[in-house]
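A.B. asks: Dropping the structure in here first, questions after.
The values are calculated or read from the model by the stated rules, or taken from the named source; none is laboratory data. As the structure is a prediction and not an experimental result, all values here were calculated from the model. For neighbour counting, all protein chains shown are included, and Cβ atoms are generated from backbone atoms with ideal geometry for every residue, glycine included.
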Amino acid sequence: MNIQTELSNPPEPVQEKWLTSPVRRVTGKLSEIRQQIPEFERRDFSLPEVPGESPRANVRLDAIVRRPFGDDKTFVPVGTVSKDYTLVTHVAVLDSVRKALKEAAVSAEETNAALQITEYGERMRLSVWLPDQYAFDPGDGEKMGMRFECLNSVDGSTRFRALMGWFRFVCSNGLVVGVTQSDLRRRHIGDLAPEDVGRVLASGLAQAETEKENFRKWRQRAVDPRAVTAWVDKDVREMWGFKAATRAYCITRSGHDAKIVGQYKGRIPTTIETVKLRRVPGTPTQSRNLFEVSQVLAWLAKERRDVQEQVDWREQIPGLLERMKK
């Protein structure tokens, strides 16, 4: 049996990162977000001129350089890429999103968005919340909305991606389960085509009604607490590790997140001693159906410190739920 005690002081928020780089988060209208994105250029990858030396440029690589941005008037190198690499800037991605929204008859000027961008801007995650007309209640009284996302890097460290997902209004940070199959993944080997981004958005909107029905079916599918225990100890632990499995178990059993304080030796995620942390928004005191379990997983994915892990874990949620169904 998992033993829980109360923790009087909640944990301090942690700094988000993305592959070791600190991340800055900005929210606002999509039109305002554009002003928060730096521009980049490519240059020869070479050493600076030094008296008495004869440097030459690397014939196979280029350097990607961030131009002066805001109060920072310096040029900053952010990475090296091959000569055949196509530089797709974050501004180009944002403009493609604006065009796709316009084609879908969604006002880009009034659309709320969030930007997560690394310290020097080499990696960006742009999230756009679609208007309330696309939201729905899956049956628990808490609305869910659609979110359109793009991930991009100018240094080749992250593939350009455009995808659709869902979030719950009950939590300001979003409890997300990305079950929509609309997804574009591209290496930077050719020009970014705005119609590609638009196709993802259009496909996601077309599948929305099907996904709403899937969420309702999840709410109707009861889960046996004993099955949850076995699933946590095996499947969640194998995919996400001991700590995440323990947290998943505690949330499904109490609605509260938890921290491990007991000794690992001789214990499994569902028996180790923990202390109870904050209440997870939108979760009941016990998860009784597949939808409620999905929100527990979504919370854990959203809480990852690394942006790339947030995306990767979120995409693993449908697979984890399938294992529970077996």
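A.B. asks: Quick test for you: out of D84, D62, pick the one residue that is surrounded by 12 or more Cβ atoms within 10 Å (Cβ to Cβ), over 28 Å from the mean Cα position of the chain (by Cα) and under 20 Å from R187 (Cβ atoms).
C.D. replies: So the residue among D84, D62 that is surrounded by 12 or more Cβ atoms within 10 Å (Cβ to Cβ), over 28 Å from the mean Cα position of the chain (by Cα) and under 20 Å from R187 (Cβ atoms) is D62.
A.B. asks: Here is a check on your reading of the model: is R323 among the basic types (K, R) and assigned to a loop (DSSP other than H, G, I, E, B)?
C.D. replies: So R323 does not fit the description; no.
A.B. asks: Does the stretch 256-278 contain at least one residue that is small (G, A, S) and under 30 Å from N214 (Cβ atoms)?
C.D. replies: Yes, the stretch 256-278 contains at least one residue that is small (G, A, S) and under 30 Å from N214 (Cβ atoms).
A.B. asks: From the list L126, L94, L101, L115, exactly one residue is outside any loop (DSSP other than H, G, I, E, B), more than 12 Å from I37 (Cβ to Cβ) and not small (G, A, S). Which is it?
C.D. replies: L101
A.B. asks: Moving on. The conditions are (1) in a helix (DSSP H, G or I); (2) under 22 Å from R159 (Cβ atoms); (3) not β-branched (V, I, T), and P38 fails exactly one of them. Which is it?
C.D. replies: (1)
A.B. asks: In this structure, does G282 turn out to be on the phi > 0 side of the Ramachandran plot, touching a residue at least 12 places away in the same chain (Cβ under 8 Å) and not in a strand (DSSP E or B)?
C.D. replies: Yes; evaluated as a whole, the condition is true for this residue.
A.B. asks: I've got another one for you. Assess whether S46 counts as being more than 28 Å from L126 (Cβ to Cβ), surrounded by 12 or more Cβ atoms within 10 Å (Cβ to Cβ) and not aliphatic (A, V, I, L, M).
C.D. replies: yes
A.B. asks: Another question, then. For the stretch 253-288, which residues satisfy the criterion of being over 22 Å from the mean Cα position of the chain (by Cα), among the β-branched types (V, I, T) and either crowded, with 17+ Cβ neighbours inside 10 Å or not assigned by TED's automatic domain parsing to the domain that holds F242 (or both)?
C.D. replies: Selection gives I260, I268, T270, I272, T274, V275.
A.B. asks: Identify the single condition in (1) assigned to a helix (DSSP H, G or I); (2) in contact (Cβ under 8 Å) with a residue 40 or more places away in the chain; (3) under 14 Å from W231 (Cβ atoms) that S287 does not satisfy, given that it satisfies every other one.
C.D. replies: S287 satisfies all of (1) assigned to a helix (DSSP H, G or I); (2) in contact (Cβ under 8 Å) with a residue 40 or more places away in the chain; (3) under 14 Å from W231 (Cβ atoms) except (1).
A.B. asks: Given (1) surrounded by fewer than 17 Cβ atoms within 10 Å (Cβ to Cβ); (2) in contact with a Leu (Cβ under 7 Å, 6 or more places away or on another chain), identify the lone condition not met by K234.
C.D. replies: With (1) surrounded by fewer than 17 Cβ atoms within 10 Å (Cβ to Cβ); (2) in contact with a Leu (Cβ under 7 Å, 6 or more places away or on another chain) applied to K234, the lone miss is (2).
A.B. asks: Taking G198, is it of a type outside the set (A, V, I, L, M, F, W, C) and either in a strand (DSSP E or B) or modelled with pLDDT under 90 (or both)?
C.D. replies: Numbers: of a type outside the set (A, V, I, L, M, F, W, C): yes; either in a strand (DSSP E or B) or modelled with pLDDT under 90 (or both): yes.
Yes; evaluated as a whole, the condition is true for this residue.
A.B. asks: Starting from the stretch 62-79, keep only residues that are assigned by TED's automatic domain parsing to the domain that holds E122, then list their pairs with residues that are among the polar types (S, T, N, Q) and in a strand (DSSP E or B) whose Cβ atoms are within a distance under 8 Å, requiring at least 6 positions of separation or different chains.
C.D. replies: Matching pairs, first to second residue: D62/T80; D62/S82; A63/T80; I64/T80.
A.B. asks: Would you check which residues across the stretch 67-78 are more than 11 Å from R43 (Cα to Cα), surrounded by 11 or more Cβ atoms within 10 Å (Cβ to Cβ) and not aromatic (F, W, Y) and list them?
C.D. replies: Residues satisfying the conditions are R67, P68, D72, V76, V78.
A.B. asks: Please verify whether the stretch 201-221 includes one or more residues that are at pLDDT 95 or above, surrounded by fewer than 22 Cβ atoms within 10 Å (Cβ to Cβ) and in a loop (DSSP other than H, G, I, E, B).
C.D. replies: no
A.B. asks: Pairs, please: C-beta under 9 Å, at least 6 apart or cross-chain, first residue closer than 14 Å to N112 by Cα and assigned by TED's automatic domain parsing to the domain that holds R199 and in the stretch 138-150, second part of a strand (DSSP E or B) and β-branched (V, I, T)?
C.D. replies: R147/V128; F148/V128; E149/V128
A.B. asks: For the structure I just gave you, tell me whether L175 is touching a Phe, Trp or Tyr at 6+ places or on another chain (Cβ under 8 Å), in a loop (DSSP other than H, G, I, E, B) and at pLDDT below 90.
C.D. replies: Answer is yes for this residue.
A.B. asks: From (1) without any contact (Cβ under 8 Å) to a residue 12 or more places away in the chain; (2) in contact with a strand residue (DSSP E or B) (Cβ under 9 Å, 6 or more places away or on another chain), pick out the condition that doesn't hold for Y249.
C.D. replies: Unmet for Y249, out of (1) without any contact (Cβ under 8 Å) to a residue 12 or more places away in the chain; (2) in contact with a strand residue (DSSP E or B) (Cβ under 9 Å, 6 or more places away or on another chain): (1).
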